[in-house]
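The values are calculated or read from the model by the stated rules, or taken from the named source; none is laboratory data. Everything numeric in this text was worked out from a predicted model, so none of it was measured. Virtual Cβ from ideal backbone geometry, glycine too; neighbours counted across all protein chains shown. We work out accessible area using only protein heavy atoms, side chains counted, and drop any ligands, DNA or RNA first. Shrake-Rupley method; radii C 1.70, N 1.55, O 1.52, S 1.80 Å.
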Amino acid sequence: MTMFDNLTDKLDSVFKKLRGQGRLTEDNIKQSMREVRLVLLEADVNFRVVKNFVATVRERAVGQEVLKSLNPAQQVIKVVRDELGRLMGEGEDNSLDLAARPPVPIMLCGLQGAGKTTSCGKLALQLRRQKRNPLLVPADVYRPAAIEQLKTLGKQLNIPVFDSNPDVDPVKLCTDAREFAELNGYDTLILDTAGRLHVDQELMAELQRIKQALQPREILFVADAMTGQDAVNVAESFDQQLDVTGVILTKLDGDARGGAALSIRAVTGKPIKFVGLGEKLDALEVFHGDRMAQRILG
Ligand code: GDP
């Protein structure tokens, strides 16, 4: 199973039928759009997103330029491609905003198992490649295993990890780390915050306190793409409480359906800034909506 396989295959069979028809009528297009709608719902795309998407594509596709063009099926597919790109924020600048006085804090948040700690390591590696000098901060003080995991990643990357222990208050830990970074010339703080299995008010309160104290330049919600609409719903609640600046969508390498990738931008209004494409530490890419749309259409 690879990325978007399922979605790509199903869209492909819808378009095959369309191509086989030569000339197209409005009814042909309406029929195809009904099929696209089902494919997207099966892919676990948010139903409101599907509704808007199909309505927009239908409106553009039954336009005279498409129907009268030499190759109408190809034009319809192009409209779908364009709208998929738009849905995922095509053309947006998804780079991190680090334009602040160093050390610049970047906070990662999300449910346990979403890929926060791994993404912290991946991000640190990217930033170092951009000649920045990051410090990893294990603000998930409750789980010694999480602290150890970040330390192991830090060792592998040769990037320092601020010292932590389970008795310290996470906000204090973060402000101490900021002071340490200031004194030691680290220009970026990557905060690996605590996660829970479900959205939890106590955790949210803690994350809000960290936000308040550190004023992170970026607050990135880490979403496991394989959990589809669950990821989108959780993203919405994190965003309501923390006003996140963007999303890191992990495990896209194993996501055959694409539901989270296609809806999270539209539902939250926040850009996908990075995608995780594997467990290895260099498997993180800056997100491009247009390239992703192209990949989905095979
Ligand atoms: P955390 O609890 O949010 O900190 O999650 P972890 O960083 O511990 O990640 C949970 C699991 O997901 C680990 O086994 C990671 O190796 C794996 N993982 C994280 N990101 C990716 C990704 O982009 N692709 C794949 N295939 N696995 C990932």
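How many residues are open to solvent by 40 Å² or more (accessible area, probe 1.4 Å) and either touching an Asp or Glu at 6+ places or on another chain (Cβ under 7 Å) or in contact (Cβ under 8 Å) with a residue 60 or more places away in the chain (or both) when one looks only at the stretch 228-276?
The qualifying residues number 6.
Suppose the filter is of a type outside the set (Lys, Arg), within 16 Å of the ligand (Cβ to nearest atom) and touching a Leu at 6+ places or on another chain (Cβ under 9 Å); does ALA73 pass it? Don't jump to the end; show me each part of the working.
Values: of a type outside the set (Lys, Arg): yes; within 16 Å of the ligand (Cβ to nearest atom): no; touching a Leu at 6+ places or on another chain (Cβ under 9 Å): yes.
For ALA73, the condition - of a type outside the set (Lys, Arg), within 16 Å of the ligand (Cβ to nearest atom) and touching a Leu at 6+ places or on another chain (Cβ under 9 Å) - is not met.
Test LEU197 against the stated conditions and say whether it is open to solvent by 70 Å² or more (accessible area, probe 1.4 Å), in a loop (DSSP other than H, G, I, E, B) and of a type outside the set (Gly, Ala, Ser).
Values: open to solvent by 70 Å² or more (accessible area, probe 1.4 Å): yes; in a loop (DSSP other than H, G, I, E, B): yes; of a type outside the set (Gly, Ala, Ser): yes.
Spelling it out, LEU197 is indeed open to solvent by 70 Å² or more (accessible area, probe 1.4 Å), in a loop (DSSP other than H, G, I, E, B) and of a type outside the set (Gly, Ala, Ser).
Check whether at least one residue in the stretch 56-79 is open to solvent by 60 Å² or more (accessible area, probe 1.4 Å), of a type in the set (D, E, K, R) and in contact with a Lys or Arg (Cβ under 8 Å, 6 or more places away or on another chain), and report yes or no.
Yes, because at least one residue in the stretch 56-79 is open to solvent by 60 Å² or more (accessible area, probe 1.4 Å), of a type in the set (D, E, K, R) and in contact with a Lys or Arg (Cβ under 8 Å, 6 or more places away or on another chain).
If you scan the stretch 97-124, which residues turn out to be open to solvent by 20 Å² or more (accessible area, probe 1.4 Å), of a type outside the set (Ser, Thr, Tyr) and within 15 Å of the ligand (Cβ to nearest atom)?
Selection gives LEU111, GLN112, GLY113.
Residue by residue through the stretch 23-47, note down the ones that are under 20 Å from LEU70 (Cα atoms) and either part of a helix (DSSP H, G or I) or open to solvent by 40 Å² or more (accessible area, probe 1.4 Å) (or both).
ARG23, THR25, GLU26, ASP27, ASN28, ILE29, LYS30, SER32
Please go through the stretch 158-194 and pick out each residue that is loosely packed, with under 15 Cβ neighbours inside 10 Å, of a type outside the set (Gly, Ala, Ser) and assigned to a loop (DSSP other than H, G, I, E, B).
Filtering the stretch 158-194 for residues loosely packed, with under 15 Cβ neighbours inside 10 Å gives 158, 163, 165-169, 172, 175, 179, 182-185.
If we keep only those that are of a type outside the set (Gly, Ala, Ser) as well, we get 158, 163, 165-169, 172, 175, 179, 182-184.
Passing the criteria: ASN158, ASP163, ASN165, PRO166, ASP167, VAL168, ASP169.
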